[in-house]
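Encoded as structure tokens, the structure appears first; notes follow it.
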Amino acid sequence: MSIVLTQRIEWDMGHRLGDGYLSKCRHAHGHRYVAELSFVAPTLDEFGMVLDFGEIKRLAKGWIDEHIDHAFLVYEKDLPLLNFLRSENNRHFVVNFNTTVENITSWLGPQLQTVIDADKMAKSRRVQLTRVRVYETPNGWAEWVAT
């Protein structure tokens with residue numbers, strides 16, 4: 001038997017696409033991002049759970065709230081935007097990739113697994129993040145699957 005536990009979390013974040021991107025997403029804008037996080041463990045715990053939803057919220061949503069919620073995700077090579085955000089003391093998080101939903105998703109999966117691995121209880125239970133689906137819009141998303 002294999003049970004996959006999935007929880008949905010939401011946050012607000014700004015970004016823009018750089019490196020010569022010519023469509024409207026080259027302008028600074030934001031989204032209400034939604035992520036579906038799916039977890040497995042080798043066995044259910046004594047209460048019949050993969051992981052308590054409250055623990056997922058504490059760990060995954062806690063990391064998101066601390067680092068990227070109500071922040072601007074900015075590509076390190078987007079110097080005009082990065083300099084502006086710094087000069088105005090705006091909340092931002094610098095990444096080494098163009099901030100497409102595909103890149104955000106492929107970065108967020110391993111990042112959140114690191115957060116899960118750092119938790120003593122989740123690590124002892126060998127809880128694994130198996131899938132991250134990030135919606136940039138209600139009809140558009142990217143999905144990361146652990147390999």
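Restricted to region 97-135, and to residues that are touching an Asp or Glu at 6+ places or on another chain (Cβ under 6 Å) and either more than 22 Å from Arg32 (Cα to Cα) or not polar (S, T, N, Q) (or both), which residue is surrounded by the fewest Cβ atoms within 10 Å (Cβ to Cβ)? Lay out the reasoning, then the answer.
Here is the first cut: in region 97-135, the ones touching an Asp or Glu at 6+ places or on another chain (Cβ under 6 Å) are 98, 101, 123, 133.
Those still in the list that are either more than 22 Å from Arg32 (Cα to Cα) or not polar (S, T, N, Q) (or both) too: 101, 123, 133.
Working: Val101: 18, Lys123: 11, Arg133: 18.
Result: Lys123.
Assess whether Arg131 counts as being at pLDDT 95 or above, touching a helix residue (DSSP H, G or I) at 6+ places or on another chain (Cβ under 9 Å), more than 14 Å from Ile9 (Cα to Cα) and basic (Lys, Arg). Walk me through it before giving the result.
On the way: at pLDDT 95 or above: yes; touching a helix residue (DSSP H, G or I) at 6+ places or on another chain (Cβ under 9 Å): yes; more than 14 Å from Ile9 (Cα to Cα): no; basic (Lys, Arg): yes.
Answer is no for this residue.
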Residues satisfying the stated conditions in region 85-125, i.e. closer than 28 Å to Leu22 by Cα, over 12 Å from the mean Cα position of the chain (by Cα), of a type in the set (A, V, I, L, M, F, W, C) and in a helix (DSSP H, G or I): Leu85
The condition from (1) acidic (Asp, Glu); (2) surrounded by fewer than 14 Cβ atoms within 10 Å (Cβ to Cβ); (3) closer than 19 Å to Val132 by Cα that Glu36 misses is numbered (2)
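On the given criteria, is Phe93 under 12 Å from Gly14 (Cα atoms) and either in contact (Cβ under 8 Å) with a residue 24 or more places away in the chain or exposed (fewer than 13 other Cβ atoms within 10 Å of the Cβ) (or both)? If you could, list the steps in order and put the result at the bottom.
Working: under 12 Å from Gly14 (Cα atoms): yes; either in contact (Cβ under 8 Å) with a residue 24 or more places away in the chain or exposed (fewer than 13 other Cβ atoms within 10 Å of the Cβ) (or both): yes.
So Phe93 fits the description; yes.
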Taking the options Leu82, Leu51, Leu73, Leu59, name whichever one is assigned to a loop (DSSP other than H, G, I, E, B) and of a type in the set (A, V, I, L, M). Leu51
Long-range neighbours under 7 Å by Cβ, at least six apart or interchain, first residue at negative phi within region 118-136, second part of a loop (DSSP other than H, G, I, E, B) and surrounded by 16 or more Cβ atoms within 10 Å (Cβ to Cβ): Ala122/Leu51; Arg125/Ala41; Val127/Ala41; Val127/Val50; Val127/Leu51
Top-ranked residue of region 2-33 - restricted to ones that are farther than 19 Å from Val132 by Cα and not in a loop (DSSP other than H, G, I, E, B), ranked as farthest from the chain's Cα centre (by Cα): Lys24
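The values are calculated or read from the model by the stated rules, or taken from the named source; none is laboratory data. The model shown is predicted, which means the values in this text are computed figures rather than measured ones. Because the Cβ atoms are built from the backbone with ideal geometry, glycine has one as well, and the counts that use them run over all protein chains shown.
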